[in-house]
Amino acid sequence: MNARLRGLLPNAITMVRLVLAVAFLAVLLRARHQDCQCRADLGTLATVLFIVAALSDILDGYLARRWQVVTHFGRIMDPFGDKLLVLGALVALAAPGLAEGSGIDPWVVLLVLGRELFVTSVRAVAEADGVQFAADRWGKLKMFLQCVAVPFAIFVATHADTQDSASWLLWRDSTRWAMILSTALSAIPYAIRAVGLLRPLGGGAR
């Protein structure tokens, strides 16, 4: 594969993920207003689209690192695609019509959104000071668990028969709590970094 194609392919996959994220959200939101069978079919499609989009995130990151073609475009659009996919899914799952079966309450959305806004703010300050701020292992674990929990929440929310199944509810709730805990814990290293960034300002003029 030539160097030009290697440079384009990871970013092309990122753009495909953005398209998949939009399609996924359109399907999931449409499922809110359908009867049981149509809702189940749309829910299955939404689950598949989410999983494919999440897997594309692994692929483009792997290719970019392997071929050493990390670009500014990728650094901006890759996390944007992740946030659009996950936060969009959580907002939809907390909306009327899906919240009853998804187990996603508004406070869960606020927790995830608050964590992302906080980390983005810390990263912006750090990189403005010339400090590299790549995602750590906790952030990657958080993303992985979010991508596991969301499909279970979608599937249970859109398949009425699973809501009477103890096994499905156990999977939905256990993965949801794993997502919640990892999201909260993954913010701690960034909070420590934020304290380090603020320290030099302590003795300055006010």
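The values are calculated or read from the model by the stated rules, or taken from the named source; none is laboratory data. Since the structure is predicted, the reported quantities are computational estimates derived from the model, not experimental observations. No Cβ is skipped: glycine too gets one built from the backbone with ideal geometry, and neighbour counts run over all protein chains shown.
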(request) List the number of the failed condition for residue 22; all other conditions in (1) assigned to a helix (DSSP H, G or I); (2) more than 23 Å from residue 141 (Cα to Cα); (3) over 15 Å from the mean Cα position of the chain (by Cα) hold. (result) (3)
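Yes or no, residue by residue, for (1) within 12 Å of the chain's Cα centre (by Cα); (2) small (Gly, Ala, Ser); (3) closer than 16 Å to residue 6 by Cα:
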{"residue": "46", "(1), (2), (3)": "no, yes, no"}
{"residue": "50", "(1), (2), (3)": "yes, no, no"}
{"residue": "53", "(1), (2), (3)": "yes, yes, no"}
{"residue": "61", "(1), (2), (3)": "no, yes, yes"}
{"residue": "64", "(1), (2), (3)": "no, yes, yes"}
{"residue": "67", "(1), (2), (3)": "no, no, yes"}
{"residue": "74", "(1), (2), (3)": "no, yes, yes"}
{"residue": "79", "(1), (2), (3)": "yes, no, no"}
{"residue": "83", "(1), (2), (3)": "yes, no, no"}
(request) Can you confirm whether segment 116-125 contains a residue that is assigned to a helix (DSSP H, G or I), among the basic types (Lys, Arg) and in contact with a helix residue (DSSP H, G or I) (Cβ under 7 Å, 6 or more places away or on another chain)? (result) no
(request) Hey, can you tell me all the residues within segment 1-25 that are touching a residue at least 12 places away in the same chain (Cβ under 8 Å) and either over 23 Å from residue 79 (Cβ atoms) or hydroxyl-bearing (Ser, Thr, Tyr) (or both)? (result) 14
(request) State whether the residues of segment 102-125 include one that is over 25 Å from residue 173 (Cβ atoms), of a type in the set (Ser, Thr, Tyr) and either out of contact with any Ser or Thr (no Cβ under 7 Å at 6 or more places or on another chain) or surrounded by fewer than 21 Cβ atoms within 10 Å (Cβ to Cβ) (or both). (result) yes
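Residue-by-condition table, conditions (1) without any contact (Cβ under 8 Å) to a residue 24 or more places away in the chain; (2) surrounded by fewer than 16 Cβ atoms within 10 Å (Cβ to Cβ); (3) part of a helix (DSSP H, G or I):
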| residue | (1), (2), (3) |
| --- | --- |
| 27 | yes, no, yes |
| 34 | yes, yes, no |
| 44 | no, no, yes |
| 57 | no, no, yes |
| 60 | no, no, yes |
| 65 | yes, yes, yes |
| 69 | no, no, no |
| 73 | no, yes, yes |
| 79 | yes, no, yes |
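Hey, among 130, 103, which residue is at positive phi and in contact (Cβ under 8 Å) with a residue 12 or more places away in the chain?
Just one listed residue meets the conditions, 103.
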(message) I'm trying to understand the selection: among the residues of segment 132-154, which are surrounded by 13 or more Cβ atoms within 10 Å (Cβ to Cβ), of a type in the set (A, V, I, L, M) and in a loop (DSSP other than H, G, I, E, B)?
(response) 135
(message) For segment 46-55: of the residues being buried (at least 18 other Cβ atoms within 10 Å of the Cβ) and in contact (Cβ under 8 Å) with a residue 60 or more places away in the chain, which is nearest to residue 11 (Cα to Cα)?
(response) 54
(request) Kindly provide the set of residues from segment 75-97 that are under 20 Å from residue 65 (Cβ atoms) and not small (Gly, Ala, Ser), ordered by number. (result) 75, 76, 77, 78, 79, 80, 82
(request) Test residue 175 against the criterion of being modelled with pLDDT under 95 and hydroxyl-bearing (Ser, Thr, Tyr), and give yes or no. (result) no
